[in-house]
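Heads up: the structure comes next, in structure tokens.
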Amino acid sequence: MNIAVVGLGLIGGSLAKSIKARTSHTVYGCDINEETMLLARLCGAIDGELGEEQLPQCDIILVALRPAAAVEWVKSHAESISKNAAVIDMCGVKRTVCAELSAIADQYGFAYIGGHPMAGKERGKFINSADTLFAGAPMILTPDERTTPQLLETLEKLFTDIGFGRMVYTTPDEHDRIIAYTSQLAHITSSAYIKSPEAQRQRGFSAGSYRDMTRVAHLDEDMWTELCMDNADYLTEQAELLAAHLQEYITALRGRDEAALRALFRDGREKKASAGGN
């Protein structure tokens, strides 16, 4: 197949590298950064630049841009996309993106599915991309009534071949509701946690817990602002719930209530055990 990767940052670069390393597909890529394009060509992540001549020949188009940019790119290139092609965005929010891209796909006759690879690093850009980034990770897709079984089979084989360990099918609404908790709330919490004055005095006093809590505070504020604002309703609910739970611990500590604090810790431990995961 001919596969286009639009945007060669951490995710797009890793997709391109993974496809080239693990399959025999041809990869065309594009990025607004000329240095990134040069690096991608030099390291063999792409077979060539994605231009107006190559785009109509592409069977699958993976759009690894921020939400607004992803919609704009597809809108501005829709006329050149083959009616036999499938567009899959890689955005971290799905409701707003899927609504707009589904309408464009309907208008121009190509297939579209929302996607979200559940993998990443705290540092972005092509230089940090790797063909191992998706090893064992879940790949989320949001098919709808227009999605054919043949397309899902093709995508499942592609994503499995490049290292994903599990395919997850959901709706845009369920995706955004859960991702508000599992991803966006974690970034907000980490960003708030690092603002303590003690963060500047922690050297020699910190270990794994501190590293885990602060890792994702090293974020791209432009990207995460866009993602969080696009999902503000569900994220607000989760932030308020976290604040309420923190208040329970504050109340126990202020009252020197050892039994209450022990019960809160026990409840958290038991909920972690029942929730599973990493």
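The values are calculated or read from the model by the stated rules, or taken from the named source; none is laboratory data. These numbers come from a predicted model, not from an experiment. Glycine also receives a Cβ, built like all others from the backbone with ideal geometry; neighbour counts cover every protein chain displayed. What goes into the accessible areas is simple: the full protein's heavy atoms, side chains included, and nothing from ligands, DNA or RNA. Shrake-Rupley method; radii C 1.70, N 1.55, O 1.52, S 1.80 Å.
I'd like to verify a number: residues in the stretch 149-159 that are touching a strand residue (DSSP E or B) at 6+ places or on another chain (Cβ under 8 Å) and either modelled with pLDDT under 95 or open to solvent by 70 Å² or more (accessible area, probe 1.4 Å) (or both), how many? The total comes to 1. Flag: Gly44 does not match the condition of being in contact (Cβ under 8 Å) with a residue 24 or more places away in the chain, open to solvent by 50 Å² or more (accessible area, probe 1.4 Å) and not in a strand (DSSP E or B). The residues listed here are Leu241, Leu264, Leu235; of these, the one that is under 21 Å from the mean Cα position of the chain (by Cα), assigned to a helix (DSSP H, G or I) and at pLDDT 95 or above is Leu235. Scanning the stretch 74-109 for residues that are of a type in the set (Lys, Arg) and under 16 Å from Ile140 (Cα atoms), we see that the one that is surrounded by the most Cβ atoms within 10 Å (Cβ to Cβ) is Lys94. Being of a type in the set (Gly, Ala, Ser), on the phi > 0 side of the Ramachandran plot and at pLDDT below 95 holds for only one residue in Gly204, Gly208, and it is Gly204.
A search for C-beta distances below 6 Å between a residue of the stretch 100-125 that is of a type in the set (A, V, I, L, M, F, W, C) and any residue that is part of a helix (DSSP H, G or I) and open to solvent by less than 60 Å² (accessible area, probe 1.4 Å), counting only pairs 6+ apart in sequence or on different chains, returns Leu101/Val74; Ile104/Val74; Ile104/Ala78; Ala111/Leu151.
Contact annotation: residue pairs with Cβ atoms under 9 Å, 6 or more positions apart or on different chains, pairing a residue in the stretch 163-185 that is part of a strand (DSSP E or B) and surrounded by fewer than 22 Cβ atoms within 10 Å (Cβ to Cβ) with a partner that is at pLDDT 95 or above and among the acidic types (Asp, Glu), are Met167/Glu156.
Flag: Ser209 does not match the condition of being farther than 22 Å from Gly29 by Cβ and surrounded by 13 or more Cβ atoms within 10 Å (Cβ to Cβ). Residue-level analysis places Tyr249 among those that are of a type in the set (Ser, Thr, Tyr) and over 27 Å from Leu141 (Cα atoms). Residues of the stretch 105-162 that are among the hydroxyl-bearing types (Ser, Thr, Tyr), in a loop (DSSP other than H, G, I, E, B) and out of contact with any Leu (no Cβ under 8 Å at 6 or more places or on another chain): Thr132, Thr147, Thr148.
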